[in-house]
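Read through the structure below, which is laid out as structure tokens, and then see the notes.
The values are calculated or read from the model by the stated rules, or taken from the named source; none is laboratory data. Since this is a predicted model, take the numbers as computed values, not measurements. When we count neighbours, we look across all protein chains shown, and the Cβ atoms used for this are built from the backbone with ideal geometry, even at glycine. Accessible surface is based on the protein model in full, side chains and every heavy atom, while ligands, DNA and RNA are left aside. Shrake-Rupley method; radii C 1.70, N 1.55, O 1.52, S 1.80 Å.
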Amino acid sequence: MVTEAVSAAQEAKLAAVQDIVQHARDGDMAALADTLVAILAGSAPDDADMLRDALLRESSEGTPRPKASP
């Protein structure tokens, strides 16, 4: 039961982070980076590891990312 609750909470956090990344304004990478740093800093270590791994996995799989400013 506890494992299911932890898994559900992590899935919710991941969905929120993915939504933030997908809706980041074009060229506003500094604000996106600051937001992600704050989320990871405020997360439990296991949650931060899961989020970091998921974000890195998605970027390596070619998930669309916001455009960097020129």
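Tabulated data for the structure shown
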| item | result |
| --- | --- |
| Complete set of residues in segment 29-61 that are open to solvent by 60 Å² or more (accessible area, probe 1.4 Å) and either in contact (Cβ under 8 Å) with a residue 60 or more places away in the chain or outside any helix (DSSP H, G or I) (or both) | 42, 61 |
| Neighbours by Cβ (under 6 Å, 6+ apart or cross-chain): first from segment 16-27, part of a loop (DSSP other than H, G, I, E, B); second open to solvent by less than 30 Å² (accessible area, probe 1.4 Å) | 24/32; 24/66; 26/66 |
